[in-house]
1. Please check: in the Gaussian network model of the chain (C-alpha springs, under 10 Å), which one of D49, D287, D223 has the largest mean-square fluctuation.
2. Counting only other residues whose beta carbon sits under 15 Å from that of G172, what net charge do I get with K and R as +1, D and E as -1?
3. Extension gain D77-Q283, at 0.36 nm per residue separation less the Cα-Cα distance, in nm?
4. What net charge is computed for the residues neighbouring R19, neighbours being all others with C-beta under 13 Å from the C-beta of R19, Lys and Arg scored +1, Asp and Glu -1?
5. Along the Cα→Cβ direction, 7 angstrom out, place labels at E25 and K231. What is the inter-label distance in nm?
6. In the chain, how does Rg compare with the Kirkwood Rh, expressed as the Rg/Rh ratio over alpha carbon atoms?
7. For the residue pair E18 and S274, what label-to-label distance in nm results when each label sits 7 Å from Cα along the Cα-to-beta-carbon direction?
8. Scattering from the C-alpha atoms of the range 273-373 alone, worked out with Debye: what is log10 I(q)/I(0) at q = 0.11, 0.16, 0.23 1/Å?
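Read-outs throughout are calculated quantities, based only on the coordinates presented, and are distinct from any laboratory measurement. Keep in mind that this is a model prediction, so the values were computed, not measured. Here the Cβ positions follow ideal geometry from the backbone for every residue, glycine too, while neighbour counts run over all protein chains shown.
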Amino acid sequence: MMIKTNEWKLGPGTAAEERRRAIREAAKLLRDGQTVAFPTETVYGLGADARNTAAVEQIFTAKGRPSDNPLIVHIADTAQLADLTQAPDETAAALMRRFWPGPLTIVLPVRPGTVSPRVTAGLDTVAVRMPAHETALELIAAAGCPVAAPSANRSGRPSPTTAAHVREDLHGLIGGILDAGPAGVGLESTVVELCGPGKVRILRPGGVTPEQLREVCATVLVDEDGMLPEKTAGSGEAGKGAVPGSKAPAAPRSPGMKYTHYAPQGVMQLVIGSRERVRAHIQAEADQARLRGRRTGVLAFEETAAAYRADVVVACGSLAQPETSAQRLYAALREFDAQGAEVIWAEVPPNDGIGLALLNRLVKAAGRRVVYV
Ligand code: TXA
Ligand code: MG
């Protein structure tokens, strides 16, 4: 069933009165139990009143999202936390002081009955974050409720970093889109769980890097799921990218991590090795695929893209500035879809700083297909 999707456009030149009206109207839709897509500093989110099960169900319907995957609850003020969770311990409080508002989501013990069970997917914890985006904060404050919001894409598609991406996936399926220009980081927030004093585990790498978390926590663990599969003997040849050594934990701690996320429609494969070997391997494979009549794609970087011949070559930011790659990644994946790429080879960035999150999304987009050359 199609519904009316309201749109509001906010920019630097928008008059204050018009801005207030847009926020008021969008907030009213949220209070009335509808869904509204809004910008955050990471990606666009699809929001609904986290207390209202019927409203939250519309998120799952619009996205086509599996219902055992819990949602992040967004707040505009730490005062909202007291309603949602048990009192945070010192480590959680320190993380909030250092990183909120910002791209860090903290999994905390939920206060029973305060959010819809559809938000927590029946877990006894709730994931909470305070986005560092003026429009998001104004909207949440005006709605006056905690706002559950996954990324505003159809499930399995790359997350939206612009309102146009949201429109592409969800027009006619959601109550509104608040368009305030491109998101900042370009990748989702870092999700952490607490493991004792001064100790956290990263369930999903994201906008806050492990290095930054170490400023506050003595021990920072990283969940293996979604990271680069270990290099194993013969993995370069065997099964064209099947990874013998790869294993996903039986029960991922962050339920969302087990799904194929962020994927382009074509089959993507990561190629890892020295720059020259990577280039030679990708070019040889792409040439062969083209001879077989396949539409080929290469995901590279500004420094390396010019060396490739393929139907679609996308430069995903600069190797010298990994933040630009983070900003570009999801739009780049959508570009392959727009141009109908059927087989895609991707170079990978170094995995420090924001590179860890980039690599995590690339591994997922590639369905864990990795070749070492
Ligand atoms: O940057 C972001 O975090 C974006 C923007 C819109 O804020 N939101 C986002 O939400 O990425 P979503 O729903 O796509 O991702 C939620 C992630 C999933 O990996 C989910 O499994 C995990 O957080 N999660 C949610 N609740 C959890 C919980 N109680 N325990 C463990 N993991 C949880
Ligand atoms: Mg998502």
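1. D287
2. Working: positive: K4, K63, R154, R167; negative: E7, E168, D169.
Overall, the nearby charge balance is +1.
3. Values: separation 206, 0.36 × 206 = 74.16 nm, distance 5.11 nm.
Answer, rounded to one decimal: 69.1 nm.
4. On the way: positive: K9, R20, R21, R24; negative: E17, E18, E25, E134, E138, D179.
Counting the neighbours of R19, the net charge comes to -2.
5. Computed distance between label sites E25 and K231 equals 5.6 nm.
6. Details: Rg = 20.6 Å, Rh = 21.2 Å.
Radius of gyration relative to Kirkwood radius: 0.98.
7. Result: 5.7 nm between the two label points.
8. Evaluating at q = 0.11, 0.16, 0.23 Å⁻¹ gives log10 I(q)/I(0) of -0.29, -0.64, -1.38.
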